[in-house]
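Asks: Have a look at the structure that comes next, please.
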Amino acid sequence: MFRRSVVKLAAAAAVIALGVGSATAQELPKLEPKDSYKVGFAQTESNNPWRIAQTKSMQDEAQKRGWQLVYTDAAGSAAKQVADVNSMIAQGVDAIFLAPREEKPLIPAVMAAKRAGIPVILLDRSVDPSLAEAGRDYVTFIGSDFIEEGRRAGEWLAQTTGGKAKIIELQGTTGSSPANDRAQGFAEAIKDHPEMEVVASQSGDFARDKGRQVAETLLQAHPDATAIYAHNDEMAVGAIAAVEAAGKVPGKDITIVSVDGTRDALQAIIDGKMGATVECSPFFGPVAYDTLVKYANGETIAPKIINEDRFFDASNAQELIAEAY
Ligand code: GYE
């Protein structure tokens, strides 16, 4: 008798647990419409003009709206970024904007926020889609189409070199979504050009000096290289110094193409040292907060919100440098 009721009770508990479990596993945390929010922005690092412009955009827009912004800088550490998100959860923010440094290590942060009932919007970088999903684990990803960026860089290089190039590729941060996708898009663009070949590919961690060092080593190992594809402008600017240190002329002996659209890159294009850069906008503030307001108002949010990006080369760099960062 006693045993039977225990079994029944256990079964009922299991049903309830299943019900609750599957509901929370499927549903995103809701957000109440309010006049102003306290939001978190978990930045990955601040070692380049792109990051600084992005942070400023998030801060300026929060100030304009009278929102409270809890800002953290993970200083290039995925582990610190997870801790930063946990501290935002403890501070009871209404929502978290996260720029995940790498695709996998930030999954626990996304899940912790979800468990705490705090909606997350991914900004500029994404997480591994097999481990976390937009619309279920986080609200949406807002940023550029990195595969398309890589493709545009590759197509420009194919056109400029007549489909003939020995390429050094400077990859971004290992395990980050822009590094993965920019490599993929570029490879797709050059695969039908039999005389275009990536002779070496190594990470420069999206950083100027690391990019310079890696380019220096790879230029020594591959003296026949004719082009450099950098996954961001900071590494491309570092690579210009490496090319010059190797006694070669950037823009003549070595064609350089990259991604972002920083002021230094546009200046290098004007100076003829760099060929082109695919724009990747860092100005997220308005679209980030507008999306959160729409979410709070119960509007359907697309799983990806893709920024429109331009292309900078010798034809427009001079005209557009005034608005660069
Ligand atoms: O290109 C780079 C930055 O995640 C899209 O990260 C961003 C990239 C950007 O450090 O400069």
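Asks: Answer rounded, prolate or oblate for the chain, using the Cα gyration tensor with square roots of eigenvalues a ≥ b ≥ c: rounded when a/c is under 1.5, else prolate when a/b is larger than b/c, else oblate.
Replies: Working: a/c = 2.63, a/b = 1.93, b/c = 1.36.
Because a/c hits 1.5 or more and a/b exceeds b/c, the chain counts as prolate.
Asks: When the Karplus curve 6.51 cos²θ - 1.76 cosθ + 1.60 is applied with θ = phi - 60°, which whole-Hz ³J(HN,Hα) does each residue of the stretch 109-120 get, with x for Gly and Pro?
Replies: Ordered by residue, 3J(HN,Hα) equals 5, 4, 5, 5, 5, 4, 4, 7, x, 10, x, 10 Hz.
Asks: Moving to a separate point now. Round to the nearest 10 and give me the degree value, 0 to 90, for the angle of helix 285-296's Cα axis relative to the longest principal axis of the chain.
Replies: Tilt of helix 285-296: around 20 degrees.
Asks: So for the chain, averaging the separation of alpha carbon pairs under 8 Å that are six or more residues apart and normalising by length, what relative contact order in percent results? Working shown, then result.
Replies: Values: 682 pairs, mean separation 54.1, N = 325.
Across the chain, relative contact order equals 17 percent.
Asks: Based solely on its DSSP helices, what 222 nm [θ] is calculated for the chain when runs of n ≥ 4 H residues each add -39,500 (n - 2.57) and the sum is averaged over all residues, nearest 500 deg cm²/dmol? Before the final figure, lay out the partial values.
Replies: Details: 11 runs with 145 residues, N = 325.
Mean residue ellipticity, 222 nm, calculated: -14000 deg cm²/dmol.
Asks: Need the C-alpha centroid separation for the stretch 27-51 versus the stretch 125-175, integer Å.
Replies: Here the answer is 23 Å between Cα centres.
Asks: How far is it, in nm, from the label point at GLU308 to the one at ALA245 when both lie 7 Å from their Cα along the line to the Cβ?
Replies: 4.1
Asks: In addition: Of VAL293, ILE306, ALA112, which is farthest along the charge dipole of the chain in the positive direction, counting Lys and Arg as +1 and Asp and Glu as -1 at C-beta?
Replies: With unit charges placed on the Cβ atoms, the residue in question is ALA112.
Asks: In terms of Cα to Cα distance under 15 Å, which aspartates and glutamates are near enough to LYS38, apart from those fewer than 8 places away along the same chain?
Replies: Within the straight-line limit of under 15 Å, LYS38 reaches these aspartates and glutamates: ASP60, GLU61, ASP94, ASP290.
Asks: Please sort 297-305, 96-104 by packing, taking for each peptide the average over its residues of neighbouring beta carbons within 10 angstrom, highest first. Let's see the in-between values first.
Replies: On the way: 297-305: 12.1, 96-104: 24.1.
Final packing ranking: 96-104, 297-305.
Asks: How much length would be gained if the chain were fully extended between ASP224 and ASP290, taking 0.36 nm per residue of separation minus their Cα-Cα distance, in nm to one decimal? Walk me through the intermediate numbers first.
Replies: On the way: separation 66, 0.36 × 66 = 23.76 nm, distance 4.94 nm.
That works out to 18.8 nm of additional length.
Asks: How do THR226, THR277 line up, fewest other C-beta atoms within 10 Å first? Don't jump to the answer; show the numbers that get you there.
Replies: Values: THR226 18, THR277 30.
Fewest-to-most Cβ neighbours within 10 Å comes out as THR226, THR277.
Asks: Once you have all Cα-Cα distances for the stretch 162-211, histogram them in 5 Å bins from zero and send the whole-percent values.
Replies: Here the calculated profile for the stretch 162-211 is 5, 21, 27, 23, 15, 9, 1.
Asks: According to the square roots a ≥ b ≥ c of the eigenvalues of the Cα gyration tensor, what is the shape class of the stretch 177-260, taking rounded for a/c under 1.5, prolate for a/b larger than b/c otherwise, and oblate for the remainder? Before the final figure, lay out the partial values.
Replies: On the way: a/c = 1.81, a/b = 1.18, b/c = 1.53.
It is oblate, given that a/c is not under 1.5 and a/b is not larger than b/c.
Asks: State whether the stretch 64-206 is rounded, prolate or oblate according to the following rule on the C-alpha gyration tensor (a ≥ b ≥ c being the square roots of its eigenvalues): a/c under 1.5 gives rounded; otherwise a/b larger than b/c gives prolate, and the remaining case gives oblate.
Replies: Numbers: a/c = 2.73, a/b = 2.54, b/c = 1.08.
Because a/c hits 1.5 or more and a/b exceeds b/c, the stretch 64-206 counts as prolate.
Asks: If packing is taken as the average count of other Cβ atoms within 10 Å, what order do 198-210, 79-91 fall into, highest mean first? Let's see the in-between values first.
Replies: Values: 198-210: 19.8, 79-91: 18.2.
Most protected by this proxy first, the peptides run 198-210, 79-91.
Asks: Related question: Once you keep just the Cα pairs under 8 angstrom separated by 6 or more residues, what percentage relative contact order results for the stretch 107-159? Walk me through the intermediate numbers first.
Replies: Numbers: 42 pairs, mean separation 17.8, N = 53.
With pairs under 8 Å counted, the relative contact order is 34 percent.
Asks: Whole-Hz ³J(HN,Hα) for each residue in the stretch 187-195, computed from phi via Karplus 6.51 cos²θ - 1.76 cosθ + 1.60 with θ = phi - 60°, x for glycine and proline: what do you get?
Replies: Once rounded to whole Hz, the list reads 4, 4, 5, 9, 5, 8, 10, x, 9.
Asks: Another one. Can you tell me the orientation of helix 146-161 relative to the chain, as the angle in degrees between its alpha-carbon axis and the longest Cα principal axis, to the nearest 10?
Replies: The angle comes out near 10 degrees.
Asks: Test of understanding: extend the Cα→C-beta vector of TYR71 to 7 Å, then name every residue of the stretch 277-321 with backbone N under 17 Å from that spot.
Replies: 282-289
Asks: Between 0 and 90 degrees, rounded to the nearest ten: what's the tilt of helix 78-90 against the longest Cα principal axis of the chain?
Replies: Long axis of 78-90 versus the principal axis of the chain: about 40 degrees.
Asks: What ranking do SER281, SER126 get, fewest neighbouring Cβ atoms within 10 angstrom at the top? Please list the in-between numbers first.
Replies: Values: SER281 20, SER126 24.
So the ranking, lowest neighbour count to highest, is SER281, SER126.
Asks: Are any of the pairs LYS30/LYS304; LYS80/LYS166; LYS80/LYS294; LYS64/LYS273 more than 27 Å apart by Cα-Cα distance, and if so, which? Mind showing how you got there, number by number?
Replies: Details: LYS30/LYS304 19 Å; LYS80/LYS166 38 Å; LYS80/LYS294 30 Å; LYS64/LYS273 39 Å.
Distance filter (> 27 Å) returns LYS80/LYS166; LYS80/LYS294; LYS64/LYS273.
Asks: For TYR138, enumerate residues with amide H under 5 Å from its amide H, sequence gap 5+ or separate chain, H modeled in the peptide plane.
Replies: GLU133
Asks: What is the stretch 119-262's relative contact order, in percent, from Cα pairs under 8 angstrom and six or more apart in sequence? Could the numbers behind the result be given before it?
Replies: Details: 285 pairs, mean separation 32.2, N = 144.
Contact order relative to length: 22 percent.
Where a number appears in this text, it was derived from the coordinates with a stated rule and is not lab data. Values in this document were obtained by computation on a predicted structure and should not be read as measured data. Cβ coordinates were reconstructed from backbone atoms using ideal geometry, including for glycine residues, and neighbour counts include every protein chain displayed.
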